[in-house]
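Take a look at the structure below.
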């Protein structure tokens with residue numbers, strides 16, 4: 001089920017949340033809406049879900065070519081997962097997951113046995129077998145989010161929407177679930193749109209990344225494309241670590257080369273203010289000499305740092321091989 | 001008792017403050033309550049039960065129960081509807097509605113009663129119209145019901161609004177995406193989440209409905225055996241120097257207060273337990 005977002009405009013009083021947004025989401029793809037708070041990504045997701053509506057007269061939302069702009073959320077066939085799970089606290093996991101099926105009109109509602117079977121299938125899918133009688137407060141955050149996913153999938157949605165699904169979880173759990181979601185998506189192949197402010201998450205998970213800022217789309221593309229060829233300085237700075245040289249040039253920490261101060265080809269010399277070695281890599285913070293303000297962050301291999309016998313306070317030279325100009 | 005040394009007073013100070021609090025409590029709350037029971041039985045158990053069985057007393061109790069039986073369900077319905085509209089939706093006049101709900105609290109009970117007299121009394125705005133249609137509101141049952149409904153208006157709504165505000169709408173929105181209609185969402189998602197707050201509000205609403213004096217006094221006309229609720233009947237007895245009888249009837253209200261407090265504590269206990277285990 002492809003999603004076509006066409007010229008969506010949304011204001012809340014004087015505040016513009018979405019400024020003429022158009023976007024295509026391919027059938028079966030995993031797309032990330034990436035941006036800082038206030039960029040409009042969550043509002044856009046909710047409009048796609050039908051939980052909010054765009055300003056009257058502005059644009060439309062199409063699911064597989066069919067206009068669903070006026071279709072209420074309950075009938076759009078979307079599965080929505082909230083950042084804080086929104087599980088029904090007083091119901092068991094089984095009841096939570098079965099909810100979408102239980103509230104169906106009698107004519108469409110599956111038989112009790114079918115519902116029970118579907119719940120069991122979904123619990124198995126999210127690897128929570130046997131926990132059907134538990135209640136949400138007895139589970140960890142990661143487990144709750146998996147239940148929320150199972151619940152959303154119970155109604156066989158055509159489109160899966162996730163609003164910062166891992167935002168409320170610990171870093172470790174976040175990483176695990178991220179990997180799990182990717183695998184899961186590859187298995188199921190459901191068109192998925194998710195919102196995140198974590199660029200690492202977007203780059204790792206998505207087939208297509210949509211960078212948003214201030215109610216507009218800055219850039220759309222594969223993770224590789226937008227990382228290697230960012231079109232604006234905002235995108236460049238938002239994705240990954242970056243150093244901004246005083247003359248306006250950008251350079252990534254791993255692109256800067258460490259040299260001895262007196263070597264040839266050194267562009268700038270500076271003093272090492274901080275040195276952090278973790279595993280095979282080293283992060284070196286360098287304060288440039290001669291009037292330039294600000295620290296430069298360099299990522300080098302541990303081997304090189306040890307070879308050079310680098311320590312905090314040393315004077316070092318930096319070479320910028322591929323610094324590109326950005327407007 | 002856990003106490004952090006940096007944030008509590010010294011032992012003697014604690015002792016003094018606690019004693020002071022207990023003394024005040026006893027003086028203003030326990031003593032009067034005790035006095036009601038003591039005075040009620042001063043002339044013996046016979047007088048006590050006779051007072052409760054008097055026809056005027058029985059009709060007063062009946063009227064009180066009737067007023068509560070109508071006011072409480074009505075205000076519960078209204079309170080739930082208002083809280084639902086206010087907390088789950090954004091609409092024009094929302095803040096106005098919230099302020100209006102508090103109106104009966106801000107207004108003196110006497111005024112609350114007078115308002116109905118001014119509207120529906122013989123010389124009121126609708127007086128002539130009512131007289132022409134042979135309808136009577138003031139000095140009759142309908143007036144008493146209206147006054148009771150008015151003063152107990154806010155209880156359920158005020159209890160539910162902060163509760164539902166704090167719970168947010170995420171669960172309801174989730175239910176929307178899963179295809180539930182409004183009624184299903186309310187019955188299956190919202191109602192179970194608010195049931196203790198609702199019970200609490202109903203409890204307070206009931207206590208006030210049964211105990212209301214000022215507003216009902218104004219609209220009632222004090223017709224013995226007909227338009228006297230229990231609080232009014234107690235006043236009548238007291239004014240006629242039938243002190244023991246008055247206190248005997250007052251014990252009913254005192255018992256109502258004790259039962260209300262007991263149930264209130266039970267509800268608080270349950271909600272604290274659940275909050276602790278759900279963390």
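The values are calculated or read from the model by the stated rules, or taken from the named source; none is laboratory data. Only a predicted model underlies this, so the values are computations on that prediction, with no experimental measurement involved. Heads up, the Cβs are rebuilt from the backbone with ideal geometry, glycines too, and the neighbour counts pull from every protein chain shown.
Would it be correct to say that residue A:86 is in contact with a strand residue (DSSP E or B) (Cβ under 9 Å, 6 or more places away or on another chain), away from chain B (no Cβ under 14 Å), crowded, with 19+ Cβ neighbours inside 10 Å and assigned to a loop (DSSP other than H, G, I, E, B)? Judged against the criteria, residue A:86 is not a match.
Would you be able to tell me the number of residues in region B:88-119 that are more than 25 Å from residue B:183 (Cα to Cα) and surrounded by 13 or more Cβ atoms within 10 Å (Cβ to Cβ)? Residues flagged as more than 25 Å from residue B:183 (Cα to Cα) and surrounded by 13 or more Cβ atoms within 10 Å (Cβ to Cβ) within region B:88-119 amount to 15.
Would region B:191-205 turn up any residue that is touching a strand residue (DSSP E or B) at 6+ places or on another chain (Cβ under 8 Å), farther than 24 Å from residue B:104 by Cα and surrounded by fewer than 21 Cβ atoms within 10 Å (Cβ to Cβ)? Checking region B:191-205: not a single residue is touching a strand residue (DSSP E or B) at 6+ places or on another chain (Cβ under 8 Å), farther than 24 Å from residue B:104 by Cα and surrounded by fewer than 21 Cβ atoms within 10 Å (Cβ to Cβ). For region B:154-179, which positions are within 12 Å of chain A (Cβ to nearest Cβ) and either surrounded by fewer than 18 Cβ atoms within 10 Å (Cβ to Cβ) or under 19 Å from residue A:84 (Cβ atoms) (or both)? Selection gives B:167, B:168, B:169, B:170, B:171, B:172, B:173, B:174, B:175, B:176, B:177, B:178.
Of all residues in region A:230-273, count the ones that are in contact with a strand residue (DSSP E or B) (Cβ under 8 Å, 6 or more places away or on another chain) and in a loop (DSSP other than H, G, I, E, B).
Going through region A:230-273 one residue at a time, the tally reaches 17.
For residue A:222, the test of being in contact (Cβ under 8 Å) with a residue 24 or more places away in the chain and touching a strand residue (DSSP E or B) at 6+ places or on another chain (Cβ under 9 Å) is failed.
Give A:4, A:39 a once-over and let me know the one that is assigned to a loop (DSSP other than H, G, I, E, B) and either buried (at least 16 other Cβ atoms within 10 Å of the Cβ) or not assigned by TED's automatic domain parsing to the domain that holds residue A:59 (or both).
A:39
The single residue among A:79, A:74 that is crowded, with 18+ Cβ neighbours inside 10 Å, within 9 Å of another protein chain (Cβ to nearest Cβ) and at pLDDT 90 or above turns out to be A:79. Scanning region A:48-60 for residues that are under 13 Å from residue A:9 (Cα atoms) and under 18 Å from the mean Cα position of the chain (by Cα) yields a total of 1.
On the given criteria, is residue B:212 within 23 Å of residue B:95 (Cα to Cα), at pLDDT below 95 and in the same structural domain as residue B:85 (by TED's automatic domain parsing)? Considered against the rule, which asks whether it is within 23 Å of residue B:95 (Cα to Cα), at pLDDT below 95 and in the same structural domain as residue B:85 (by TED's automatic domain parsing), residue B:212 comes out as no. When region A:47-58 is limited to residues that are surrounded by fewer than 20 Cβ atoms within 10 Å (Cβ to Cβ) and touching a residue at least 40 places away in the same chain (Cβ under 8 Å), the one that is farthest from the other protein chains (Cβ to nearest Cβ) turns out to be A:58. Within the option set A:163, A:129, being in the same structural domain as residue A:89 (by TED's automatic domain parsing), on the phi < 0 side of the Ramachandran plot and crowded, with 20+ Cβ neighbours inside 10 Å holds for one residue only, A:163. Looking at region A:29-39 only, could you name the residues that are farther than 19 Å from residue A:1 by Cα and within 14 Å of the chain's Cα centre (by Cα)? If the condition is that a residue be farther than 19 Å from residue A:1 by Cα and within 14 Å of the chain's Cα centre (by Cα), then A:34, A:35, A:36, A:37, A:39 are the ones that fit. When every residue of region A:59-72 is checked against the conditions, none turns out to be closer than 22 Å to residue A:144 by Cβ, part of a loop (DSSP other than H, G, I, E, B) and in contact (Cβ under 8 Å) with a residue 24 or more places away in the chain.
When you scan region B:255-279, how many residues do you find that are within 14 Å of chain A (Cβ to nearest Cβ) and either assigned to a helix (DSSP H, G or I) or surrounded by 12 or more Cβ atoms within 10 Å (Cβ to Cβ) (or both)? Here the count works out to 7. Regarding residue B:252, is this residue in contact (Cβ under 8 Å) with a residue 60 or more places away in the chain, under 20 Å from residue B:68 (Cα atoms) and within 14 Å of chain A (Cβ to nearest Cβ)? In short, no. Restricting attention to region B:150-181, the residues being part of a helix (DSSP H, G or I) and out of contact with any strand residue (DSSP E or B) (no Cβ under 8 Å at 6 or more places or on another chain) number 22.
When the residues of region A:93-107 are narrowed to those that are more than 7 Å from chain B (Cβ to nearest Cβ) and under 17 Å from residue A:153 (Cα atoms), which ends up surrounded by the most Cβ atoms within 10 Å (Cβ to Cβ)? In this case the residue turns out to be A:97.
Condition first: closer than 17 Å to residue B:82 by Cβ and away from chain A (no Cβ under 11 Å). Now tell me which residues in region B:180-212 satisfy that. The answer is B:186, B:197, B:198, B:200, B:201, B:202, B:204, B:205.
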